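Written out below as structure tokens is the structure these notes cover.
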There are 2 protein chains.
Amino acid sequence: MRKSEVSRSAKEERAASCPSPRASRLAPRAYVLGIDLGGSSVKAVAVTPSGRALARFNEPFDPKRRMDFAETIRRLVRRVGAERGQPAQRIGLSAPGLAAKDGRSIAFMPGRLRGLVGLIWSEFLRTPSAIPVLNDAHAALLGEVWQGAARRCENVIMITLGTGVGGAAMVDGRLLQGRSGKAGHLGHTCLDLDGPPDVCHMPGSLEMAIGNCSIRERSAGRFETTHDLIAAHVAGDEEATRVWLKSVKALASAIGSFSNILDPEIAVIGGGIARAGAALFEPLVRSVREVEWKTNPSGIKIVPAELGEFAGAFGAAWNAIRIDPTSDSLKR
Amino acid sequence: MRKSEVSRSAKEERAASCPSPRASRLAPRAYVLGIDLGGSSVKAVAVTPSGRALARFNEPFDPKRRMDFAETIRRLVRRVGAERGQPAQRIGLSAPGLAAKDGRSIAFMPGRLRGLVGLIWSEFLRTPSAIPVLNDAHAALLGEVWQGAARRCENVIMITLGTGVGGAAMVDGRLLQGRSGKAGHLGHTCLDLDGPPDVCHMPGSLEMAIGNCSIRERSAGRFETTHDLIAAHVAGDEEATRVWLKSVKALASAIGSFSNILDPEIAVIGGGIARAGAALFEPLVRSVREVEWKTNPSGIKIVPAELGEFAGAFGAAWNAIRIDPTSDSLKR
């Protein structure tokens with residue numbers, strides 16, 4: 001995928017191919033570039049400051065080639081600037097790992113993407129403005145709040161169900177980052193004191209209860225993926241139903257706990273497993289209602305994520321808009 | 001206890017009884033009054049804006065007499081003003097229940113202190129400035145951050161071990177309140193999916209694992225109080241040791257979870273059970289080190305609270321200092 005502008009809506013396509021006479025007389029439209037660095041590809045979105053997506057990009061890189069991730073981002077930024085007739089007004093970036101205290105780099109990311117830790121992106125890309133850097137889960141939550149499932153919400157949790165279980169939280173309108181930037185790692189919450197430890201040493205964590213990483217153990221070796229487990233459950237396999245509903249109940253008790261700790265109005269559920277739709281959301285909502293302490297009649301809203309794999313890019317863009325680039329700290 | 005000024009330090013006593021010639025020529029010292037409404041008494045502290053305690057008060061009231069809590073506070077405010085030669089510059093209040101969205105009253109407090117819900121304290125006390133109102137656990141955390149065990153910290157959790165397990169959290173320098181004001185209810189976090197539900201419907205919660213409310217169940221009827229359980233443990237009773245260390249391990253896994261969710265640098269442990277000292281803190285720190293995801297070499301600090309029963313009053317005072325009384329919302 002060399003030319004990788006993707007997923008534009010029909011309306012956006014029309015706008016791109018048939019500029020109105022008035023638009024063609026104007027200067028190129030100012031845009032902000034949100035970049036989300038993944039494990040083997042870079043997602044990016046060029047958006048207006050009000051959140052209208054002008055173009056999306058999905059650029060693969062070779063994770064084994066040292067700094068290929070960074071060179072791919074450098075080429076992408078140049079190409080977007082050339083295509084749009086001007087450089088981005090601002091750039092925001094999200095990446096795996098924990099963001100540095102000053103929000104200019106990733107400070108902690110063991111084992112992957114060598115060269116990422118400590119890389120100051122505004123220096124690497126030689127941009128006139130500072131580039132704020134966010135943890136990828138934090139960015140995905142900001143994206144969903146700005147343009148996705150949690151629009152106009154100020155108290156939000158996001159839980160991403162994949163191989164592991166990721167998370168992020170916003171309370172009273174502020175993204176939680178914490179002392180070292182690890183706040184929001186909701187997947188590493190204990191739900192079983194005697195359970196096996198997860199990758200962060202936490203016994204019987206939410207990640208062990210519903211992450212794809214433990215599907216074999218949970219199903220006594222019967223299933224290789226949660227997708228297969230859910231398919232068997234939907235087809236009426238009683239043992240699959242027992243295993244799946246146990247995992248859903250664990251997620252519900254975790255959401256009930258997060259509700260007491262963080263008091264969100266909405267829980268946004270993303271990641272591959274969330275695509276199960278009603279097979280996840282129906283029993284999940286039912287189970288949450290049993291364990292939550294309701295301080296409003298309807299209880300916490302539980303909804304699927306809307307922005308899919310571009311949530312982090314939207315969040316990185318919004319972060320660049322929200323942050324004062326002349327500030328000492330690019331966190332807020 | 002009619003005249004109830006208590007607990008002044010020797011230095012404070014000297015200052016009160018022997019005013020220096022210079023001080024006596026000055027106007028009475030400006031002070032802020034922090035008031036903490038409990039279940040059967042009112043604690044209060046008159047402090048300078050920099051946090052120096054000028055006087056402490058502990059005034060009992062009759063919880064069965066309607067509005068006696070409020071009349072007691074009214075008398076106390078008048079008396080402190082008369083004693084100090086001027087009214088308080090500002091007043092802050094903390095109380096059980098959830099604070100209203102605008103921070104002017106308690107919005108939610110079922111079953112106790114009739115008349116508290118919806119009472120606008122600045123109207124009731126006819127003060128010129130608005131009176132910000134906080135949940136009592138939130139206030140205790142602010143107190144410990146201002147003048148107690150968590151001074152100069154921005155990422156803090158506080159856990160209060162008593163009949164129940166209370167809590168509060170500050171992240172990135174901001175007290176978490178959440179959508180309905182219930183953020184920080186750390187005691188109602190699930191640690192055992194199959195455990196009995198607590199008062200908030202949460203199965204196997206931290207409160208059920210270490211709160212005094214479940215001591216009989218946890219000890220198969222042997223102990224009436226956690227104090228007795230710990231005394232037996234210290235005396236070498238093996239069964240008591242097993243029960244106690246199981247509870248401590250549960251608290252440790254909860255702190256490990258809070259560390260991943262909120263990323264605090266310090267956990268302040270208060271409440272009656274925290275007075276156990278080394279019998280609590282030694283095994284607790286050891287167990288936390290086993291389950292925490294360390295992003296700094298030393299891990300989360302775990303310390304006893306310092307302000308005891310006056311933490312809420314200090315926090316209420318600091319809240320009154322931090323808050324702009326002309327703002328629409330008295331929350332920040």
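The values are calculated or read from the model by the stated rules, or taken from the named source; none is laboratory data. Keep in mind that what you see is a predicted model, and the values were worked out from it rather than measured. Every residue, glycine among them, receives a Cβ derived from its backbone with ideal geometry; neighbour counts consider all protein chains shown.
Quick notes on this one:
- For the residues B:117, B:171, the requirement of being buried (at least 24 other Cβ atoms within 10 Å of the Cβ) and touching a strand residue (DSSP E or B) at 6+ places or on another chain (Cβ under 8 Å) singles out B:171.
- Residue list for the range B:191-225, filter: part of a helix (DSSP H, G or I) and free of Cβ contacts under 8 Å to residues at least 60 places away in the same chain: B:206, B:207, B:208, B:209, B:213, B:214, B:215, B:216, B:217, B:218
- Residue satisfying all of: in the range B:90-107; away from chain A (no Cβ under 14 Å) and more than 15 Å from residue B:39 (Cα to Cα); nearest to the chain's Cα centre (by Cα) among these: B:92
- Residue A:201 fulfils the conditions (1) surrounded by fewer than 19 Cβ atoms within 10 Å (Cβ to Cβ); (2) at pLDDT 95 or above; (3) in the same structural domain as residue A:68 (by TED's automatic domain parsing) except for a single criterion, (3).
- Selection status of residue B:329, touching a residue at least 24 places away in the same chain (Cβ under 8 Å), closer than 29 Å to residue B:44 by Cα and surrounded by fewer than 22 Cβ atoms within 10 Å (Cβ to Cβ): yes
- Filtered residue count, the range B:207-254, keeping only those that are exposed (fewer than 15 other Cβ atoms within 10 Å of the Cβ) and charged (D, E, K, R): 8
- Of all positions in the range A:75-82, none carries a residue that is in a loop (DSSP other than H, G, I, E, B) and basic (Lys, Arg).
- Per the listing A:261, A:255, A:230, the residue uniquely in contact (Cβ under 8 Å) with a residue 60 or more places away in the chain and part of a helix (DSSP H, G or I) is A:255.
- Residue count for the range B:254-302, restricted to those that are within 8 Å of chain A (Cβ to nearest Cβ), at pLDDT below 95 and more than 23 Å from residue A:157 (Cβ to Cβ): 1.
- Residue that is modelled with the highest pLDDT, among those in the range A:6-28 that are surrounded by fewer than 15 Cβ atoms within 10 Å (Cβ to Cβ) and within 27 Å of the chain's Cα centre (by Cα): A:6
- Test for residue B:87: is it more than 14 Å from every other protein chain (Cβ to nearest Cβ) and either hydroxyl-bearing (Ser, Thr, Tyr) or part of a loop (DSSP other than H, G, I, E, B) (or both): yes
- Out of B:247, B:287, sole residue that is under 30 Å from residue A:138 (Cβ atoms) and assigned to a helix (DSSP H, G or I): B:287
- Test set (1) more than 20 Å from residue B:211 (Cβ to Cβ); (2) surrounded by fewer than 22 Cβ atoms within 10 Å (Cβ to Cβ) - residue B:264 fails condition number: (2)
- Qualifying positions in the range B:38-65 - of a type outside the set (S, T, N, Q), farther than 20 Å from residue B:98 by Cα and surrounded by fewer than 18 Cβ atoms within 10 Å (Cβ to Cβ): B:49, B:51, B:52, B:60, B:62, B:64, B:65
- Index of the failed condition, residue B:110 passing every other in (1) surrounded by 18 or more Cβ atoms within 10 Å (Cβ to Cβ); (2) outside any helix (DSSP H, G or I); (3) within 14 Å of chain A (Cβ to nearest Cβ): (1)
- Within this structure, residue A:137 fails the test of being outside any strand (DSSP E or B), at pLDDT 95 or above and more than 14 Å from chain B (Cβ to nearest Cβ).
- Hey, residue A:284 within 28 Å of residue A:37 (Cα to Cα) and crowded, with 16+ Cβ neighbours inside 10 Å or not: no
- Residue list for the range A:176-204, restricted to those being more than 8 Å from chain B (Cβ to nearest Cβ) and either charged (D, E, K, R) or over 17 Å from residue A:96 (Cβ atoms) (or both): A:194, A:195, A:196, A:198, A:204
- Enumeration of residues in the range A:167-190 that are assigned to a loop (DSSP other than H, G, I, E, B) and not aliphatic (A, V, I, L, M): A:172, A:173, A:177, A:178, A:179, A:180, A:181, A:182, A:184, A:185, A:189
- In the range B:159-168, the residue that is nearest to residue B:248 (Cα to Cα) out of those that are more than 9 Å from chain A (Cβ to nearest Cβ) and surrounded by 24 or more Cβ atoms within 10 Å (Cβ to Cβ) is B:161.
- Residue match in the range B:133-154 (condition: touching a Pro at 6+ places or on another chain (Cβ under 8 Å), of a type in the set (Asp, Glu) and surrounded by fewer than 24 Cβ atoms within 10 Å (Cβ to Cβ)): no
- Check on residue A:183, over 25 Å from residue B:176 (Cβ atoms), modelled with pLDDT of 95 or more and small (Gly, Ala, Ser): no
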